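A short worksheet on the structure shown next.
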Amino acid sequence: MPRLNEEINRRRTFAIISHPDAGKTTLTEKLLLYGGAIQLAGSVKGKATARHAVSDWMELEKQRGISITSSVMQFEYDGYCINILDTPGHQDFSEDTYRTLMAADSAVMVIDAAKGIEPQTRKLFRICAMRHIPIFTFINKLDREARSPYDLLEELEKEFGIGTYPMNWPIGCGNDFKGVYDRQNQQILAFQEFHRGQNRISSVACRLDETEKLDELIGERLRRTLEDDVELVDGAGYDFDLESIRAGLLSPVFFGSALNNFGVEPFLKSFLEMTIPPLPRVSNGKTIDPCADSFSAFVFKIQANMNKAHRDRIAFMRICSGRFQREKEYYHVQGAKALRLSQPQQLMASDRSIIDEAFAGDIIGVFDPGIFSIGDTVCEKGMDIRYEGIPSFAPEHFAAVERIDTMKRKQFEKGIMQIAQEGAIQIFHEPHTGVEEILVGVVGVLQFEVLEYRLKTEYGVDIRRRDLPYELIRWVSGDNVDIPMLNLTSDTKWVQDFKGNNLLLFTSSWCVDWALQKNPGLELKAFNHND
Ligand code: G4P
C-alpha cells in the first residue's frame, strides 16, 4: 500500500519538554508559525497583553497562566506531517506529562542557557531515557546572559549520561550575542538584535575563513574565540553519529533564541532530517509494524470538559499502526466490544476539526462516553492487541479527602472515580478498616487543586482535604507476601487501589529500605503496568 507507507513515513511525532519558563511555549509557537498553523506569534501568555498561548485550555490554567493539560498540535512543513505533544509547563505537573512521553517518538528538550538543567527537565528526561527515544536539545535565550556552552554540554552529559553533539556553536551571548556557527554547513549565521522593538534578524551566511567579513560581522575578538572554540569542539567532542542519535545515546544540541526567532527554522529542518518516523510498538511480546495494514491505537490520556462549549470527555489515542477511517467499525480490546469512534478529531489547541482519516503517528481525540481507561487498545475487529508501556507512576503527594456536604455522596463518588479513571489522580483506600475516607495520590500537588476545582464546578461537590505526610508509594509484589504480617515501621500504611492491588505508603526512603531488609522475598515497585 504505497500511500499508507508514504503517509506514515512522513509523520514526525514528538514531545516538547522543559522546566517552566525555559521557553517551550515560545518555541512551540514559532514552530507552528513555520507550518502556517497559526498566523500570529506573540500569543505567548503575555502577562502584559493578557493573551494566552494557543496551548492554554482550561479555565484554571488561564487563571494561573500555566498549562495544566497537555495538548496536541499538528502541522505540515516541508513535506512532513508533524505532531507536537505539548507537556504541562508547571513544576506541579501530573502523570499526564509522563504519559504524553509514551505517545511520542522523540523529544525536544528546551533549556534556559542561563540556568541549565532544572528539576522538571531531569524528571522528564528519565522517562525519555527509559524508552530510549531520541532527544534533541534546544538551548534557549542566548540573547540574554548565558552560561558557558562548554559547561552546559558537560552538565547534560554528566547528569543524563548521554553524549552531546553541538549542531551549532554560539558566538557570544546577551548583548554580545552575534549568532551561531553552523557546524554542518560550516558557515556563520549572524544575529542582528532588536531595533526599536522590532526584531531584525538576518541570517548572513559567512564562512569561517572569510576573516575580513567575519570581523565586520562579529568583531575580531569574538572571531578569534570562535576559531578556537570550533577547533576544540571539532577535536575533542563526540563525532556526529546518526545511529547513536536515533538510539537516544547522543543528543544533538542547538543554541538559539526562540523569542527572537533565531535558530528556530534551522533547528526544525535538521531535527526533521534526523528524527525518526513512527516506531514499531510491542503488543503481547510481538512487534507491530506501524505500516501494517491494520489500524491499532492506544489511549494515553483522557480529559473531561476541555472546553465549556463542549461538555464532554475526550480520549486521546496515539495511532500505532495502519490507517484510521471514520466510518469503520473497530474493536475496543479491554471492553471486548465493537465500536465506531464518534466524532474523531484532531486538535489544534482548543480548535477542533473532525477528521475522516489519520495515520500511524497521529494523535486523535475521540468522544468517550465513559468506556475507556488509560492504556486501552482499539484495533481492527478480530485482533487482540494490547500495547505495553503505559505504566501508572508512583504519586509523590498524598491527601485524605472527604465531602463537606454529607448528602452528596453519589456525586462525590462518581466525580472522584471519573477523575481517577482519566488518570489525573490515583485513589486508594485502607482495606479492612471500615474507614470511608478516600486517599488521593498525585504526581504534582497542583492536581489537588484541579481535583477540588473540578469536583466543585463539574459535580457540585465541595471537599475537605487533609494532606498526609507520606512521600513514597510502592506496589507490593513477591511470593507469599502476607501484608498484615510484614515487619514495617509504624508510620507505614497499607492501602489498596480500586483494582485491588496492594500498596504501601512510606514517609521516607529509609522506611522503604527497612521494609525490604526486614522482609526477605518482598518486592516493591515504583510503577505498575496497567492490565
Ligand atoms: P515555558 O513555556 O517554557 O514556560 O516558557 P515561555 O515560552 O512561556 O517563556 C517564558 C518567558 O521567557 C517568557 O517571558 C518568554 O517571552 C521568555 N522567552 C522565551 N524565549 C526567550 C528568548 O529566546 N529570549 C528571551 N530573552 N526571552 C525568552 P515572560 O516575561 O514570562 O512572558 P512575556 O510577558 O514575555 O510573555
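The values are calculated or read from the model by the stated rules, or taken from the named source; none is laboratory data. Model, not experiment: these values are computed from the prediction. We place every Cβ from the backbone using ideal geometry, glycine too, and count neighbours over all the protein chains shown.
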inquiry  = Between a residue in segment 113-127 that is of a type in the set (Asp, Glu) and any residue that is modelled with pLDDT of 80 or more, which pairs come within a Cβ distance under 6 Å, given they are 6 or more apart or on different chains?
reply    = Glu118/His19
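How many of the residues in segment 1-52 are outside any helix (DSSP H, G or I), at pLDDT 80 or above, within 12 Å of the ligand (Cβ to nearest atom) and not aliphatic (A, V, I, L, M)?
Let us first name the residues in segment 1-52 that are outside any helix (DSSP H, G or I), namely 1, 10-23, 35-52.
Now drop any that are not at pLDDT 80 or above, which leaves 10-23.
Of the ones still in play, those that are also within 12 Å of the ligand (Cβ to nearest atom) are 16-23.
If we keep only those that are not aliphatic (A, V, I, L, M) as well, we get 18-21, 23.
Number of matching residues: 5.
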task = Scan segment 248-285 residue by residue and report those that are part of a loop (DSSP other than H, G, I, E, B) and either in contact with a His (Cβ under 6 Å, 6 or more places away or on another chain) or free of Cβ contacts under 8 Å to residues at least 60 places away in the same chain (or both).
result = Gly248, Pro280, Gly285
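Confirm whether Asp497 is out of contact with any His (no Cβ under 6 Å at 6 or more places or on another chain) and surrounded by 14 or more Cβ atoms within 10 Å (Cβ to Cβ).
yes
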message = So in segment 152-175, with the set limited to residues that are in a strand (DSSP E or B) and more than 22 Å from the chain's Cα centre (by Cα), which one is nearest to the ligand (Cβ to nearest atom)?
response = Pro170
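On the basis of being in contact with a helix residue (DSSP H, G or I) (Cβ under 8 Å, 6 or more places away or on another chain) and at pLDDT 85 or above, does Ala400 make the cut?
Considered against the rule, which asks whether it is in contact with a helix residue (DSSP H, G or I) (Cβ under 8 Å, 6 or more places away or on another chain) and at pLDDT 85 or above, Ala400 comes out as no.
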task = With the checklist (1) crowded, with 22+ Cβ neighbours inside 10 Å; (2) outside the structural domain of Met383 (by TED's automatic domain parsing) in hand, flag the one item Asp234 doesn't pass.
result = (1)
inquiry  = I'd like to know if segment 312-328 contains one or more residues that are part of a loop (DSSP other than H, G, I, E, B), at pLDDT 95 or above and more than 21 Å from the chain's Cα centre (by Cα).
reply    = yes
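Condition check ((1) surrounded by 15 or more Cβ atoms within 10 Å (Cβ to Cβ); (2) out of contact with any Asp or Glu (no Cβ under 8 Å at 6 or more places or on another chain); (3) outside any helix (DSSP H, G or I); (4) not assigned by TED's automatic domain parsing to the domain that holds Leu259) across all residues:
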position: Thr121; (1), (2), (3), (4): yes, yes, no, no
position: Thr137; (1), (2), (3), (4): yes, yes, yes, no
position: Asp143; (1), (2), (3), (4): yes, no, yes, no
position: Tyr150; (1), (2), (3), (4): no, yes, no, no
note = Exactly one of Met485, Met417 is within 24 Å of Gly375 (Cα to Cα) and exposed (fewer than 15 other Cβ atoms within 10 Å of the Cβ), and that residue is Met417
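A quick yes/no check of all residues on (1) within 28 Å of Gly375 (Cα to Cα); (2) of a type in the set (Asp, Glu); (3) surrounded by 14 or more Cβ atoms within 10 Å (Cβ to Cβ); (4) without any contact (Cβ under 8 Å) to a residue 24 or more places away in the chain:
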residue	(1), (2), (3), (4)
Glu413	yes, yes, yes, yes
Leu468	no, no, yes, no
Ile473	yes, no, yes, no
Asn502	yes, no, yes, no
message = Would you confirm, using the coordinates I've provided, whether Lys178 is outside the structural domain of Ala297 (by TED's automatic domain parsing), within 16 Å of the ligand (Cβ to nearest atom) and crowded, with 19+ Cβ neighbours inside 10 Å?
response = yes
query = Scanning segment 256-302 for residues that are of a type in the set (D, E, K, R) and over 18 Å from Ser106 (Cβ atoms), which turns out surrounded by the fewest Cβ atoms within 10 Å (Cβ to Cβ)?
reply = Lys286
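If you scan segment 212-256, which residues turn out to be hydrophobic (A, V, I, L, M, F, W, C) and out of contact with any strand residue (DSSP E or B) (no Cβ under 7 Å at 6 or more places or on another chain)? Walk me through it before giving the result.
Going residue by residue through segment 212-256, those that are hydrophobic (A, V, I, L, M, F, W, C) are 214, 217-218, 222, 226, 230, 232-233, 236, 240, 242, 245, 247, 249-250, 253-255.
Selection gives Leu232, Ala236, Leu242, Ala247.
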task = Can you tell me which residue among Val476, Val435 is more than 26 Å from the chain's Cα centre (by Cα) and at pLDDT 90 or above?
result = Val476
task = Give the number of residues within segment 137-159 that are closer than 11 Å to Ile111 by Cβ and aromatic (Phe, Trp, Tyr).
result = 1
Odd one out for Thr137, checked against (1) at pLDDT 90 or above; (2) within 12 Å of the ligand (Cβ to nearest atom) = (2)
